[in-house]
Amino acid sequence: MNRWLKIGTGLAVAIVVVVALGIWSRTRLQTFFYPVAPPMPAVVSETMPEVLARLEAVLKTDAPHVLAGLQPGLSAGAIAKLEQQYHVQLPDDIKAIYEWHNGLASTTNYLSSDFIPIHRFPPLEETLAEWALEGKGETPVQRAAYHLLVEHRASWIGLFSDGAGDGYWFDPQRKPSEGAVFYNFTEEGAFVFFPSARNLMAGIAKCYEQGVFHVKPGSSPPELDEDFERAPKVWDEFGASNPL
C-alpha cells in the first residue's frame, strides 16, 4: 500500500511540476513576444479633436486622395451599439478616431487604399468582427501553436493594419501607462509604444506635415510612400521603442 502511495504522490508531484513549467514557459514566451512598454514620452497637450483637425488639414493639401477615401464618422450611439455587440469598452480617444472618420471605404485598388503607407484604416465594425474571430476555427495543432506562441495577441484590436498581421494596435487589457496603444512589426519583434492614442495620431500628422509620409511622385493612381530614415526620429518624439 505504501509503495502505491509513494508512486501516486510522485506522479502527482511530476504533473504539478510539468504544468508549472508549461505555465512558466508560456509566460516567458509571451513576455518575449509582447514585452512591457519602456518609459514613454509625455502625453501630447493637444486634445484628440485638435490632433485630428491638424491631420485632416495636412491630408487635404498633401494627400487629398486619402481624405477623399475616408468614410463619414460614426455617431456615439453607433459606436456604443458596436461596443455592446462585441463586449468591449473603447476609451474616449479611440472612439474619437471613429467619430472623426469610420475608416477607409473598401476599394479594389489596393495601391490607393492606404491611410498611411502600407497600412489600411478599417471601419470599426470590420475591426471588431476580425478581433472576435482571433484564434478560432483552426485545427487542434494550429490552436495549440496559437495558445503557445500568439495567444497574447487575442486582446489586440487593430487600428491600422498592413493585412499581414503587423500594424498599429490597441490592447484593452493594458493601461495607457503600460503601452495600450502600440505599433508591432512581428518579423523583427519590434514595438513602438505610445502613452495615448493622441500621441499615435499626432505622430501620423507630423509624418505627413514633414513629408515623412508622402504621395510617391508620378504614381497613378496616387500611392503613399515613407521616408524610413526620417520616420524613427518622429516616432521617438511621440512613443518609445522596445530594446531589440
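Tallying residues that are surrounded by 21 or more Cβ atoms within 10 Å (Cβ to Cβ) and closer than 15 Å to P117 by Cα within region 163-181 yields 2. Being hydrophobic (A, V, I, L, M, F, W, C), at pLDDT 95 or above and surrounded by 20 or more Cβ atoms within 10 Å (Cβ to Cβ) is a property that A63 has. Residues of region 216-225 being out of contact with any His (no Cβ under 8 Å at 6 or more places or on another chain) and either aromatic (F, W, Y) or touching a residue at least 40 places away in the same chain (Cβ under 8 Å) (or both), which ones? Scanning region 216-225 gives S219, E223. Taking the condition part of a helix (DSSP H, G or I), modelled with pLDDT of 95 or more and closer than 30 Å to N199 by Cα, does A42 pass? Taking the combined requirement at face value, the residue does not satisfy it. Whether a residue is at pLDDT below 95 and either crowded, with 16+ Cβ neighbours inside 10 Å or in a strand (DSSP E or B) (or both) was assessed, and H152 passes this test.
Considering each residue of region 186-203 in turn, none proves to be touching a Lys or Arg at 6+ places or on another chain (Cβ under 9 Å), modelled with pLDDT of 95 or more and under 18 Å from L133 (Cβ atoms). Listed by first and then second residue, the pairs with beta-carbon distance under 6 Å, at least 6 apart or on different chains, first residue in region 78-101 and among the small types (G, A, S), second crowded, with 20+ Cβ neighbours inside 10 Å, are A96/M48. One residue stands out in region 121-140 among those that are open to solvent by 60 Å² or more (accessible area, probe 1.4 Å) and either touching a strand residue (DSSP E or B) at 6+ places or on another chain (Cβ under 8 Å) or at positive phi (or both): the one that is modelled with the lowest pLDDT, namely G137. Residues in region 226-236 that are of a type in the set (D, E, K, R) and open to solvent by less than 50 Å² (accessible area, probe 1.4 Å): E226, D227. The criterion of at least 1 residues that are among the β-branched types (V, I, T) and touching a strand residue (DSSP E or B) at 6+ places or on another chain (Cβ under 8 Å) is met by the following helices (runs of 4 or more DSSP H) wholly inside region 54-110: 64-69, 92-100.
The values are calculated or read from the model by the stated rules, or taken from the named source; none is laboratory data. Keep in mind the model is a prediction, meaning the values are calculated, not measured. Cβ sites come from the backbone with ideal geometry, for glycine too, and all protein chains shown count toward neighbours. In case anyone asks, the SASA skips ligands and DNA or RNA and just uses the protein heavy atoms, side chains included. Shrake-Rupley method; radii C 1.70, N 1.55, O 1.52, S 1.80 Å.
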